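Notes to accompany the following structure.
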Amino acid sequence: MNNIGNETEMRNANNYVTQEQIAKNSWNVVKDTPAIIFAKVGAALMLNRKRLVTKTFLIDNNTMSYSLNKSWDKDFGLTLFQTIYLPKYAQIGALPSYNASDIATIKVNVPNIQEQTAIGSLFRTLDDLLASYKDNLTNYQSLKATMLSKMFPKIGQTVPEIRLDGFEGEWELCEINDLADDFQSGGTPKTNVQEYWDGDIPWIQSSDLGINCLFEIKVQKSISEKGLENSSAKIIPKDSIAVVTRVGVGKLAVLRHEYATSQDFLSLSNLKSNIEFTAYLLYRLLQKEVTQLQGTSIKGITKGELLSKKVFIPSLPEQQAIGAYFSNLDNLINSHQEKISQLETLKKKLLQDMFI
């Protein structure tokens, strides 16, 4: 069910068998299609997944199928099953499970075949749109990962494998320390002093940042002027880059407005390099750092360790071009994620409103 292309209908499988194998093992082939399949035992049952099958198939003994006769429109049948929370019908035991009678006796309201077809067609269109946007999203995310590995020089190289048109020459070796004039850590006002909090100064912490969202901050807390004065928190100027160096290493954000930060951050201000390019440069570097830290007891990276990291950077015009390329790619990714969220919300509402 997790295979790409199988989001609503089973179009491919990990295993296939021959007629000879079927005959030799006396396997029970399900020929009554279309059918709906779903898990019937164990943790998979609790995931409440259903899929449509339109071709002859075999299932293992952890799976159940419900064949749709001619009184059903297949797309309506799948949609109706999606409105049913099957885990609530599970029998309690060492493993949750249900048998055929548990499912067969579920009572549902079903319209005539013409209305079924109309409803099924609507949800099929929604599912196809969702699948299309998800496929495109996967492709854009894959493209981004590929380009991040190929548009920056690899170890031992001074030029990238893939380069935008119009640029040539070797990149310059420097340290992170050379990319900005100011570097500021943050702080947290005492949480038990109410007057330090809920002021006018947005205060960000690691949990406000997404792992792959370089330009989005979901601020949850703010501090007051007194909170700022009585802690090591500082106002970080806009157009800075805040890098998580403690718990949550791998996250960073471009600050388009003034913020205060927790002590988990090191912020780079008054940048000498293009801000978008620098953000992706640091993101790429930090993802490698996270990979190296996995499996160790180290919880972060020190200010000195980060600022002494050596990187290659191109001329400012090439920095701007690379930054714009990845920013546009991220905009495409974000727009697809938003569209998927909107379509999923619409589908959920229609499932609630169009079924009794």
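The values are calculated or read from the model by the stated rules, or taken from the named source; none is laboratory data. Because the structure is a prediction, the values reported are computed rather than measured. Backbone-built Cβ (ideal geometry, glycine too); neighbour counts: all protein chains shown. Remember, those area values only see protein heavy atoms, side chains included, never the ligands or the DNA or RNA. Shrake-Rupley method; radii C 1.70, N 1.55, O 1.52, S 1.80 Å.
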Report task. Could you list the trypsin sites (Lys or Arg not before Pro) in region 170-222 that lie in coil according to DSSP, counting only those with at most 16 other Cβ atoms within 10 Å of their Cβ? Result -> Lys190, Lys218
Report summary line: Expected field for His257, accessible surface area in Å² at 1.4 Å probe radius, rounded to 10, holds 120
Query - All-pairs Cα distance distribution in region 131-204, expressed in whole percent, bin size 5 Å - result: 3, 10, 11, 10, 10, 10, 11, 11, 11, 8, 3, 1
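So what's the convex hull volume per residue for the Cα atoms of region 99-176, in Å³? Write down the numbers at each step before the final one.
Numbers: hull volume 18.3 nm³, N = 78.
That works out to 235 Å³ per residue.
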Query - Cα centroid of region 20-70 to Cα centroid of region 174-214, whole Å - result: 52
Report task. Mind checking which lysines have their Cα closer than 22 Å to the Cα of Lys150? Skip sequence neighbours fewer than 8 apart in that chain. Result -> Lys251, Lys288, Lys309, Lys310
**Report entry** Exposure rule at most 13 other beta-carbon atoms within 10 Å, DSSP loop GluC sites (Glu not before Pro): the chain longest free segment
**Finding:** 1-160
Query raised in the report: Can you give me the pair-distance distribution of region 7-126, C-alpha pairs, 10 Å bins, whole percents?
Result: 12, 41, 34, 12, 1
Query raised in the report: Based only on the alpha carbon positions, what is the Kirkwood hydrodynamic radius of region 249-344, in angstrom?
Result: 15.6
Query raised in the report: Any idea what % of Cα-Cα pairs in region 306-356 are farther than 14 Å?
Result: 72
Query raised in the report: By DSSP, what percent of the beta bridges with both residues in the chain are antiparallel, rounded to the nearest 5?
Result: 90
Query - Sequence ranges 198-204, 260-266, 104-110, ranked by mean other-Cβ count within 10 angstrom, highest first - result: 260-266, 198-204, 104-110
Query raised in the report: At 20 °C and 1.002 mPa s, what whole-number value in µm²/s does Stokes-Einstein give for the translational diffusion of region 73-211, with Rh from the Kirkwood sum over Cα pairs?
Result: 92
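When the dipole is taken about the Cα centre of the chain, and only Lys, Arg (+1) and Asp, Glu (-1) are charged at their Cβ, what size is it in debye, to the nearest 20?
1360
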Query raised in the report: Considering only protein heavy atoms and a 1.4 Å probe, what is the carbon-and-sulfur percentage of the accessible area of the chain?
Result: 50
Query raised in the report: Just from the alpha-carbon atoms, what are the Rg and Dmax of the chain in angstroms?
Result: 27.3, 80
Requested in this report: Hand me the tally of lysine pairs in region 14-111: alpha carbons under 24 angstrom apart, and the pair either on different chains or 8 or more positions apart.
Outcome: 21
**Report entry** Which of Ala131, Ile59, Leu252, positive extreme of dipole for the chain (C-beta unit charges)
**Finding:** Ile59
Query raised in the report: For region 1-60, what size does the Cα cloud have along each of its three principal axes, sorted from largest down, in whole Å?
Result: 34, 24, 21
